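Here the structure is laid out as structure tokens; the discussion comes afterwards.
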Amino acid sequence: MALIGNTEFYKGIGEIPFEGKESDNPLAFKYYNPEQVVAGKTMRDHLRFAVAYWHTFCGVGADPFGPGTQNFPWDNFSDPLDAAKAKADAAFEFITKMGFDYFCFHDFDLVREGSTFSESEKRLSSIVDYIKEKKAASGVKLLWGTANCFSHPRYMNGAATNPDFNVLARAGGQIKLALDATMALDGENYVFWGGREGYMSLLNTDMKRELDHMGRFLATARDYARKQGFKGTFFIEPKPMEPMKHQYDFDAATVVGFLHQYGLQDDFKLNLEVNHATLASHTMQHEMEVAAAHGMLGSIDANRGDYQNGWDTDQFPNNITEVTEAMLTFLKAGGLQGGGINFDAKIRRNSTDLDDVFHAHIGGADTFARALLIADKIITSSPYNELREKRYQSFDSGKGKEYELGKLDMTDLYEIAKSNGELELQSGKQELFENIVNQYI
Ligand code: XLS
Ligand code: NI
Ligand code: NI
């Protein structure tokens, strides 16, 4: 195969226009209108959509029962750099046609890992040079980079939490290179998803020691990047299980505690993923509320699970109620801190047409755009905010206010309880809140 640089991979599909909800054109946005202003900002600036290199340009749809079903032309090159360049061409063509501003990658999504560490280092630096040119020519930016420290067999017992120091050091070397690549491509953030940082069995695991190693490892990575001048935010991506039985970054609350325990709270925020939230028996809105409460709502990996299955199916978002609830929290928190909305989602194994990946991203973007519009309407034109604030009005003045200011002690509470007598019940009005959300959908 020759022809790198001017092959069109997604033939017959042009730039995806915004046509509005009356349009019947399947290859048009119905709600995502990048320049439309909502709550003081354009949709483009609120949502900052990113395409995930690993799913869209690497994932061929293999599952435990059979091989992949996608035939990516760029996988047919035997030379790893030719393959990587063709893949980058396809990636930038796709992202540009979607009209999105960002992409995200793992180191070895960009180019096949070499048979030695030095060979991998060489390959990475060549493909980074090539992608630099693609970035400059297209205006597409890097939302975040990361390292794949979970696929190779050497990481089967973890990377930063591996019981073998030499595996930890190998992960350190790899992540140094991934940080270098991210910085070379002006990456705005860097992500740590703890692929196999967890355990399969507690019987062979020293949990405290592994957690200490992970805390030190993240601090070491941060110190290196900061010294090189990296100004972006580091994100931890919580997930409760899969591939390990238990992952240490279980959920948002666990990660917030961990970051404070190891002095990482000023440099790290959270990258929250919808399907990871549901695996942890939470809603996405719950995870976002926890992160926002701690000033750590950094970024979102957009996808969805399956209500009937208990694993990370990474389907494209289309549940409007789920996303609307999340966007209520998003707007209340003032948006994301440094991050964006990365489609960490894959088309189904039996979606094998060229246009399927376009339908997937169009649907995902429209779901978020529509949810943003609905959430904004709920906040600005419905009694939602007022009702919520009213539940807390006893803290706005008098003794309640004094309590919030730390002016009351236990005997003060005792005196108030005694003089109040029995109290009237205050309804939580849950069904009314639910109806308001549905009314605006
Ligand atoms: C896997 C994770 C992964 C991270 C990046 O479940 O979501 O895709 O986002 O390593
Ligand atoms: Ni993810
Ligand atoms: Ni995931």
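Each reported figure results from applying straightforward, stated rules to the coordinates on display, with no laboratory input. As the structure is a prediction and not an experimental result, all values here were calculated from the model. In this analysis, Cβ positions are derived from the backbone assuming ideal geometry, glycine residues included, and neighbour counts consider all displayed protein chains.
From the Cα gyration tensor of region 111-150, with a ≥ b ≥ c the square roots of its eigenvalues, which class applies: rounded if a/c is under 1.5, or else prolate if a/b is larger than b/c, or else oblate?
Values: a/c = 3.88, a/b = 1.68, b/c = 2.31.
Oblate shape, in that a/c is at least 1.5 and b/c is the bigger or equal ratio.
Is region 225-327 rounded, prolate or oblate when judged by the Cα gyration tensor, a ≥ b ≥ c being the square roots of its eigenvalues, rounded requiring a/c under 1.5 and prolate requiring a/b larger than b/c?
Working: a/c = 1.95, a/b = 1.63, b/c = 1.20.
Verdict is prolate for region 225-327.
When the Cα centres of region 310-381 and region 155-194 are compared, how far apart do they sit, in Å?
Centre-to-centre (Cα) distance: 28 Å.
Work through the residues other than Asp306 whose Cβ is under 12 Å from its Cβ and net out their charges, Lys, Arg +1 and Asp, Glu -1.
0
Given points 7 Å out from each Cα along the Cα-Cβ axis, report the Thr321 to His152 separation in nanometres with one decimal.
Label-label distance for Thr321 and His152, simple model: 4.6 nm.
Take Asp353 and Asn6, extend 7 Å from each Cα along the Cα→Cβ direction, and tell me the distance between the two endpoints in nm.
Result for the modelled spin labels: 3.1 nm.
With charges set only on the Cβ (+1 for Lys and Arg, -1 for Asp and Glu), what does the dipole of region 247-295 come to about its Cα centre, in debye to the nearest 20?
The dipole of region 247-295 has a size of about 40 debye.
Let me know the Kirkwood hydrodynamic radius for region 307-441, please, with Cα pairs as the basis and the value in Å to one decimal.
18.9
Give me the extension gain from Lys399 to Glu15: residue separation times 0.36 nm, minus the current Cα-Cα distance, reported in nm with one decimal.
This chain segment gains 132.3 nm when fully extended.
For the chain, find the longest principal axis of its Cα atoms and tell me its angle to the long axis of helix 165-184, 0 to 90°, nearest 10.
That helix lies at roughly 90 degrees to the long axis.
Suppose R0 equals 45 Å; then what is the FRET efficiency for Ala137 and Lys227 from their Cβ-Cβ distance, rounded to the nearest 0.05?
0.90
Provide the packing ranking of 323-333, 34-44, 226-236, i.e. peptides ordered by the mean count of other C-beta atoms within 10 Å per residue, highest first.
Top to bottom by mean Cβ count within 10 Å: 323-333, 226-236, 34-44.
Check each of the chymotrypsin sites (Phe, Trp or Tyr not before Pro) in region 241-308 and keep only those in coil by DSSP with at most 13 other C-beta atoms within 10 angstrom; list them in order.
Filter output for region 241-308: Tyr307.
Need one number: % antiparallel among DSSP beta bridges in the chain, to the nearest 5.
Within the chain, antiparallel bridges account for around 15 percent of the total.
Calculate, axis by axis, the spread of Cα positions in region 367-441 along the three principal axes, and write the results as whole Å, longest axis first.
52, 25, 17
Is it possible to state the helix-based mean residue ellipticity at 222 nm for the chain, with each DSSP H run of 4+ residues giving -39500 (n - 2.57), the sum divided by total residues, to the nearest 500 deg cm²/dmol? What is it?
-13500 deg cm²/dmol
Taking every alpha carbon pair in the chain, what does the distance histogram look like in 10 angstrom bins from 0, in percent?
4, 19, 29, 25, 14, 6, 3, 1, 0
Longer than 23 Å from Cα to Cα, which of Lys87/Lys134; Lys21/Lys377; Lys11/Lys346; Lys97/Lys231; Lys85/Lys231 are they? Say none if no pair is.
Result: Lys97/Lys231; Lys85/Lys231 exceed 23 Å.
Is the C-alpha gyration tensor of region 249-392 telling us rounded, prolate or oblate? Criteria: a/c under 1.5 is rounded; beyond that, a/b larger than b/c is prolate, otherwise oblate.
Here region 249-392 falls in the oblate category.
Tell me, what are the semi-axes, in whole angstrom and largest first, of the equivalent ellipsoid of region 175-246 as set by the roots of 5 times the Cα gyration tensor eigenvalues? Walk me through the intermediate numbers first.
On the way: eigenvalues 149, 36, 15 Å².
One finds semi-axes of 27, 13, 9 Å for region 175-246.
Hey, can you rank 373-385, 418-430 by average C-beta count inside 10 Å, highest first?
Packing order, densest peptide first, comes out as 373-385, 418-430.
Once phi is turned into ³J(HN,Hα) by the Karplus curve 6.51 cos²θ - 1.76 cosθ + 1.60 with θ = phi - 60°, what whole-Hz value does each residue of region 320-326 show in order, with x for glycine and proline?
5, 5, 4, 6, 4, 4, 5
Each label point is 7 Å from the Cα along the Cα-to-Cβ direction; what then is the distance between the points at Asp45 and Leu81, in nm?
4.1
In whole Hz, what ³J(HN,Hα) sequence does region 52-65 give by Karplus (6.51, -1.76, 1.60; θ = phi - 60°), x for Gly and Pro?
8, 3, 5, 6, 7, 10, 10, x, 9, x, 5, 9, x, 10
For region 78-220, with only Lys/Arg (+1) and Asp/Glu (-1) charged at the beta-carbon, what is the dipole magnitude about the Cα centre, in debye rounded to 20?
120
Which one, Tyr262, Leu211, Gly305, is farthest towards the positive end of the dipole of region 191-344 when Lys and Arg carry +1 and Asp and Glu -1 on their Cβ?
Of Tyr262, Leu211, Gly305, it is Tyr262.
Could you give each residue of region 261-278 its phi-based ³J(HN,Hα) in whole Hz, using Karplus coefficients 6.51, -1.76, 1.60 with θ = phi - 60°, and x for Gly or Pro?
Karplus values, whole Hz, x for Gly and Pro: 4, 9, x, 9, 5, 8, 10, 10, 10, 10, 10, 9, 10, 4, 5, 6, 4, 5.
Taking only Cα atoms of region 169-214, what ratio of Rg to Rh do you get with Rh as the Kirkwood inverse-distance radius?
Ratio of gyration radius to Kirkwood radius for region 169-214: 1.11.
What's log10 of I(q)/I(0) for region 165-299 at q = 0.11, 0.18 Å⁻¹, Debye sum over Cα points only, no solvent?
With no solvent term, the Cα-only Debye profile gives -0.39, -1.05.
Tally Lys and Arg at +1 and Asp and Glu at -1 over the other residues with C-beta under 10 Å from the C-beta of Gly99: what net charge comes out?
0
Show me the three semi-axes of the equivalent ellipsoid for region 19-109, from the C-alpha gyration tensor (sqrt of 5 times each eigenvalue), largest first, rounded to whole Å.
On the way: eigenvalues 193, 52, 31 Å².
Each semi-axis is √(5λ); the values are 31, 16, 13 Å.
Compute, for the chain, the length of the dipole vector about the Cα centre, with Cβ point charges of +1 (Lys, Arg) and -1 (Asp, Glu) only. Units Debye, rounded to 20.
Dipole of the chain, to the nearest 20 debye: 660 debye.
Along the three principal axes, how long is region 58-151 when you take its alpha carbons, biggest first, rounded to the nearest angstrom?
38, 32, 24
Please go through region 1-76 and write out the chymotrypsin sites (Phe, Trp or Tyr not before Pro) that DSSP classes as loop and that have at most 16 other C-beta atoms within 10 Å.
Tyr10, Phe65
With point charges of +1 on the Cβ of Lys and Arg and -1 on the Cβ of Asp and Glu, referenced to the Cα centre of region 25-78, which listed residue (Leu47, Pro73, Phe57) lies farthest in the positive direction of the dipole?
About the Cα centre, the residue reaching furthest to the positive side is Leu47.
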